[in-house]
Amino acid sequence: MEIKSMHFKANASATLANVVLQGNLKNAKGKFVTKRAEAIKDLDDFEGTRDAATAIRNKVIDNLDLWLECFERKALDTGAKVFWAKDGAEVCRLVTEIARSHGVTKVTKSKSMLSEEAGLNQALEAAGIQPVETDLGEYILQVDNNEPPSHIIAPAVHKSLDDVADLFHKVHGTPRKTEIPALTREAREVLRGHFLSAEMGLSGGNFLVAETGSVALVTNEGNGRMVTTMPHVHVVITGIEKVIPTLEDLSTLMRILPRSATGQSISNYFSILTGVKKPEEHDGPEHLYFILVDSGRADVVGTDFHAMLRCIRCGACMNHCPVYQTIGGHAYGWVYPGPMGSVLTPLYAGMENSIDLPHAATLCNQCGIVCPVSIPLPDLLRKLREKQTERGLRPLTERIGLRVWAWVAQRPKLYALGASLGVRYLKWLAGDTDRIRLLPTAPEWSLGRDFPAPQGKTFRELYAARQTRKGATT
Amino acid sequence: MPRVRVGLFVTCLVDLMRPRIGFAALKLLETAGCEVIVPDTQTCCGQPAWNSGDAPGAVALAKKTIAEFEGFEYVVVPSGSCGEHVRIEYPRLFADEPDWRDRATALASRTYELTDFLVTVLKVDSVPGDHEGTVTYHDSCSGLRGLGIKEQPRSLLAKMKGVSLKEMNGCEECCGFGGTFSIKFGEVSAAIAERKCDNVHASGAQAVVGGDLGCLLNIEGKLRRMGDENTRVLHIAEVLAGDA
C-alpha cells in the first residue's frame, strides 16, 4: 500500500474538521473500550493470562527461525505447500502465479492486513484476476472505490450507517435501506454469488500452529469459513511472526485475543484449518498454500523493537488511544494505525517516510496497559524518536532548540536568568488578563486553546526573597 | 522522632508558571513536620529531552539532578510526571554506566510524588487547609499509570470537611497535553482536551483538581477558550494547603 504517513498532520487536521467522521469516531470509541473492560472481568486472572500470552510470544520471537521450520515441516506433512516471500512484491507475484496455475479468474478474500501491506488487490486486478473482499467492512471499502481500512479489526469503523446506506444504494442500484440487518442481507446476497463462483480463497491467519501445521482464524461473520472451505484452492498469507508453538498455546492466546479486540469471550467463528481435503472428507480445499511473509519483520528481530513482534493484532491499543480516538485511522497514512501502527510503520515502511508518527502520541501509556502481550508501546515510540534524532531526521530548528535548552538547563544561573526573562515576556503578552490568546513562541498551542498567564515571577525568585526576609527577621 | 529531611524538587513548570504550587507543597511538608530544603541550582529533570529523543541531554540533566538531590532522605515532587521520570526512567537511562545506575536507583527509591509521600510515607492524618466546594479529580497519566497515584489524592481530599468530590467520566483518560505533543500537534491535543473539558462540565464540579501542572494548564486553556470563565483549575497542593 502506498504510504501517506508523511502527511500525518494535514490528514489529522482534515479529520478534525470532518463533523460526520467525528461523530462516527465518538460512537465507536465507547463500544470498544466498554466491551473490553467488561470482557476482561470474566477472566479470573487477567494479569496472569497476559503474562502467559507474553511468554508464549516471547518464546516464539526469540527463536523465530526454529519455530518457522517446525511449522513448515508439519504443514508440508499435511499436504500444504509453503512459500516464503521477502516483501509485498513477492507476495503479489506468488499469489498471481498460484492463481494462474489453477486457472483462477476470481478470488474471494477474508480479511488480511498483509494483503493491504502488499497492495495485493491492485496486483490481482492488473493480472486480470478479480479479488472480492468478503469481510463486510472490507467489502464496504472495496466497493467505495478501494478506500483503505481505518482500523485493523474494524476496517470501516469510520463509516456510519448512513454512509453505508448511501453507498449500497449507489453501487448496488437497489432502494436505499436504513436498517443494519437489511444492509447486511443485501451484502450477503451479493457475496453469495461470489462465494459460489470463486475458484480460489485467500485468507490471513491469526496464528500458525507449529505443532500441527495449522492456521487459526478468528472471525465474526462466517465469511472466513466460506473463503477457506468452498474453493478448491486456499492461500494463506501471514507474517512470519504469527507462528506459535502448540494448540495449548493457542488456547491461552484465544482467552485474551477476542476479549482484547472486540470484548467477546470468543469470536462467533474460530477455525483451526489443517491440511488439504482428504479423500474421505467432504469439504476443504484440494490445494493449500502458505505464503509466509517477511516484509521487514526479520530485520526487527534482536533490535530495540524486538518486543513489537509479539503483537497479535487485537487493536486494543488504538481503541484506547486518545489520539486515535480523536482522528481515526486514516490520518496515520498506512496499513496500521494507532500506537502499534506508529511503531510498525517506521519499521516496515521507512522511518524517513513517517517522521511524525512516533511523535503522534501523548505517551499516556493507556496502550501499554491494555496490550494483551505487554508490549511497552510508549517506550518503543520514545526509542524511535531517539533513532530519528540520531539519524538527523527531525527538523533542524527542533534539534537545535532541544540542544540549547538542555545546555542552558545544565547551567543554573543562566537558566534562572532565562526563566525570569521568559516569565516576564509571557506576563507581558497576557497584559492585564489571566491568559494569552496567541502564543508566538508556540503557535500550535494556541490554535485550539488559550495559554494561562504565568503568576509573574519564578518560584526561585520568590523563594530567594522569602529566605532573605526570613534571614532578616531572625 | 527526628525531623524527616526532604529535598523539594519544584519542577520547571511550577517554577515558571505557578510558584504558589511550590509554596503550597512547602507548607504541606513543613506542616507535616519535615525539614524542607529547596536546592537553588535545580532546573529540570530532563524528561522533555528524553521524550523528544535527545538521550544525551536527558542523561546530562539526570546526572545533574541526582547530584543535587541524592543527599536527602527523601525527594518530593509536586508532579506525577516528573516524579515518574525520576522514579522509573532514571535507572533506565544508565544502562552502560553502572555507577550512575546505582546512584539513580538509590535516588529513585527515595523520590515520591507529593500526595504519595504525604499518604504512604508520612501517613498524615490531617491537612492544613480547607476548601469549600465540589471538585472533580483528573488522574494524570504518568502519576496514575506510572506511579499508581489514584487513591492518595482522594484520601487527602476526603480529610477536608468542605470538599465534595464528584468523579467525572473518563477521569483516567489523557487530557491531550503530552508535553511537547501539545505544541507539535496543537489541534489534535486541543481536541483531546475538549473531551476532557466536556467530562469536567458533565460532572458539574466547581473545580477540576489534578497533580500535574502540564495537564492543568492544558485543561484551563481549553476551558477558557470554550468560554468557561467559572470552572476553577487547581493543583492538589494548593487545595490541600488551603491556598486555593
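The values are calculated or read from the model by the stated rules, or taken from the named source; none is laboratory data. Quantities reported herein were computed from a predicted structural model and do not represent experimental measurements. Here Cβ is always computed from backbone atoms with ideal geometry, including for glycine, and neighbour counts include all displayed protein chains.
A Cβ distance below 6 Å, combined with a sequence gap of six or more or placement on separate chains, defines the contacts here; from segment A:181-196, residues that are farther than 15 Å from residue A:165 by Cβ and at pLDDT 95 or above reach residues that are surrounded by 17 or more Cβ atoms within 10 Å (Cβ to Cβ) and aliphatic (A, V, I, L, M) in the pairs A:194/A:132; A:195/A:226; A:195/A:230. Is it the case that some residue within segment A:407-418 is in a helix (DSSP H, G or I) and touching a residue at least 40 places away in the same chain (Cβ under 8 Å)? Yes, that holds for at least one residue.
Do any strands (runs of 3 or more DSSP E) lying entirely in segment B:1-109 carry at least 1 residues that are within 12 Å of chain A (Cβ to nearest Cβ) and of a type in the set (Val, Ile, Thr), and which ones are they?
Fully inside segment B:1-109 and qualifying: B:35-37.
Candidates in segment A:413-449 are the residues that are buried (at least 17 other Cβ atoms within 10 Å of the Cβ) and over 19 Å from residue B:180 (Cβ atoms); of these, the one that is farthest from the other protein chains (Cβ to nearest Cβ) is A:429. The set of residues from segment B:203-244 being farther than 19 Å from residue B:127 by Cα, within 17 Å of the chain's Cα centre (by Cα), charged (D, E, K, R) and not in a helix (DSSP H, G or I) comprises just one member, B:212.
Scanning segment B:155-169 turns up one or more residues that are buried (at least 19 other Cβ atoms within 10 Å of the Cβ) and in a helix (DSSP H, G or I). Of the residues making up segment A:65-108, those that are closer than 15 Å to residue A:238 by Cβ, small (Gly, Ala, Ser) and assigned to a helix (DSSP H, G or I) are A:75, A:88. Does segment B:171-180 contain at least one residue that is part of a helix (DSSP H, G or I) and within 14 Å of chain A (Cβ to nearest Cβ)? No, segment B:171-180 has no match at all.
Restricting segment A:456-472 to residues that are free of Cβ contacts under 8 Å to residues at least 24 places away in the same chain and either surrounded by 18 or more Cβ atoms within 10 Å (Cβ to Cβ) or acidic (Asp, Glu) (or both), the residue that is nearest to the other protein chains (Cβ to nearest Cβ) is A:459. As a summary of the residue check, residue B:138 satisfies the conditions (1) within 23 Å of residue A:435 (Cα to Cα); (2) modelled with pLDDT under 95 except for the one numbered (2). Here the condition is being touching a Cys at 6+ places or on another chain (Cβ under 9 Å) and within 30 Å of residue B:59 (Cα to Cα); of A:405, A:445, it holds for A:405 alone.
Residue check: is residue A:421 in contact with a helix residue (DSSP H, G or I) (Cβ under 7 Å, 6 or more places away or on another chain), part of a helix (DSSP H, G or I) and assigned by TED's automatic domain parsing to the domain that holds residue A:458? No, not satisfied. Do we have any residue at all in segment A:373-394 that's at the interface with chain B (Cβ under 9 Å from one of its Cβ atoms), part of a loop (DSSP other than H, G, I, E, B) and over 25 Å from residue B:89 (Cβ atoms)? No, segment A:373-394 contains no residue that is at the interface with chain B (Cβ under 9 Å from one of its Cβ atoms), part of a loop (DSSP other than H, G, I, E, B) and over 25 Å from residue B:89 (Cβ atoms). Contact map, segment A:269-285: first residue at positive phi and assigned by TED's automatic domain parsing to the domain that holds residue A:213, second residue polar (S, T, N, Q) and outside any loop (DSSP other than H, G, I, E, B), Cβ cut-off under 9 Å, separation 6 or more or different chains; pairs are A:275/A:214; A:284/A:228; A:284/A:229. Just to be sure before I move on: is residue B:216 touching a His at 6+ places or on another chain (Cβ under 9 Å), closer than 23 Å to residue B:10 by Cα and not basic (Lys, Arg) in the structure I sent? Yes. So in segment A:2-20, with the set limited to residues that are among the aliphatic types (A, V, I, L, M) and farther than 19 Å from residue A:335 by Cα, which one is nearest to the other protein chains (Cβ to nearest Cβ)? The residue in question is A:16.
Residue A:115 falls short on exactly one of the conditions (1) in contact with a strand residue (DSSP E or B) (Cβ under 7 Å, 6 or more places away or on another chain); (2) assigned to a helix (DSSP H, G or I); (3) over 19 Å from residue A:225 (Cα atoms), and that condition is (3).
I'd like the full set of residues that are under 15 Å from residue A:271 (Cβ atoms) and assigned to a helix (DSSP H, G or I), limited to segment A:208-241. Correct list: A:223, A:224, A:225, A:226, A:227, A:228, A:229. Within segment B:130-141, restricting attention to residues that are in contact with a Leu (Cβ under 8 Å, 6 or more places away or on another chain) and among the hydroxyl-bearing types (Ser, Thr, Tyr), which residue is farthest from residue B:84 (Cα to Cα)? It comes out as B:134. Does segment B:148-170 contain any residue that is within 11 Å of another protein chain (Cβ to nearest Cβ), within 26 Å of residue B:51 (Cβ to Cβ) and either touching a residue at least 60 places away in the same chain (Cβ under 8 Å) or touching an Asp or Glu at 6+ places or on another chain (Cβ under 7 Å) (or both)? No, because not a single residue in segment B:148-170 is within 11 Å of another protein chain (Cβ to nearest Cβ), within 26 Å of residue B:51 (Cβ to Cβ) and either touching a residue at least 60 places away in the same chain (Cβ under 8 Å) or touching an Asp or Glu at 6+ places or on another chain (Cβ under 7 Å) (or both).
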